[in-house]
Amino acid sequence: MANKYKAIPTFVGDIRFASRAEANRYSELLLLFRGGVIRNLELQPEFPVMVNGKKVFTYRADFAYFEGQQRVIEDVKGFRTPVYKLKKKIIEAQYNVTIKEIRA
């Protein structure tokens, strides 16, 4: 069943992805991982956002991995909602990272 952005849930092995684009990106990253180009491939890493000691929300990226000494955070996006844009800015500021967007 497709969601409101017309993403079709897709499986790679036993892993369910929210869209074909996300599943395709995982397949690409898996090849890079197996080839030793990247390491520590993570699915849906979480980044809690705290304000005054209280958790406000948790941002969940699609993937994270290391390329050399650099940690890369990726999100596959077909459509960038205003909420996503705000969360991206907050995460990048709080965690001092750059979220790499993979366009679907």
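The values are calculated or read from the model by the stated rules, or taken from the named source; none is laboratory data. Computed from a predicted structure; not experimentally measured. With ideal geometry, Cβ positions are generated from the backbone for all residues, glycine too; neighbour counts draw on all protein chains shown.
In segment 36-44 there is at least one residue that is basic (Lys, Arg) and either at pLDDT 95 or above or in contact with a Gly (Cβ under 6 Å, 6 or more places away or on another chain) (or both). With respect to the conditions (1) exposed (fewer than 13 other Cβ atoms within 10 Å of the Cβ); (2) assigned to a strand (DSSP E or B); (3) more than 14 Å from the chain's Cα centre (by Cα), THR58 lacks only one, and its number is (3). Summed over segment 13-27, the residues that are surrounded by 15 or more Cβ atoms within 10 Å (Cβ to Cβ) and not in a helix (DSSP H, G or I) give a count of 3.
Rundown of residues vs (1) hydrophobic (A, V, I, L, M, F, W, C); (2) under 25 Å from TYR95 (Cα atoms); (3) under 14 Å from the mean Cα position of the chain (by Cα); (4) not in a strand (DSSP E or B), yes/no style:
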site: LYS6; (1), (2), (3), (4): no, no, no, yes
site: PHE11; (1), (2), (3), (4): yes, no, no, no
site: LEU29; (1), (2), (3), (4): yes, yes, yes, yes
site: PHE33; (1), (2), (3), (4): yes, yes, no, yes
site: GLU42; (1), (2), (3), (4): no, yes, yes, no
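Close Cβ contacts (under 6 Å, 6 or more residues apart or on different chains) running from residues in segment 45-56 that are within 22 Å of LYS100 (Cα to Cα) to residues that are surrounded by fewer than 10 Cβ atoms within 10 Å (Cβ to Cβ) comprise PRO48/LYS55.
Within segment 58-86, residues that are in contact (Cβ under 8 Å) with a residue 60 or more places away in the chain sit with their Cβ atoms under 7 Å from residues that are part of a loop (DSSP other than H, G, I, E, B) and of a type in the set (S, T, N, Q), at 6+ positions apart or across chains, in these pairs: GLY78/SER19. Consider ILE91 carefully, then state whether it is surrounded by 17 or more Cβ atoms within 10 Å (Cβ to Cβ) and either in contact with a Ser or Thr (Cβ under 9 Å, 6 or more places away or on another chain) or touching a residue at least 60 places away in the same chain (Cβ under 8 Å) (or both). Judged against the criteria, ILE91 is not a match. Of everything in segment 77-103 that is within 21 Å of LYS6 (Cβ to Cβ) and in contact with a Phe, Trp or Tyr (Cβ under 8 Å, 6 or more places away or on another chain), the residue that is modelled with the highest pLDDT is LYS77.
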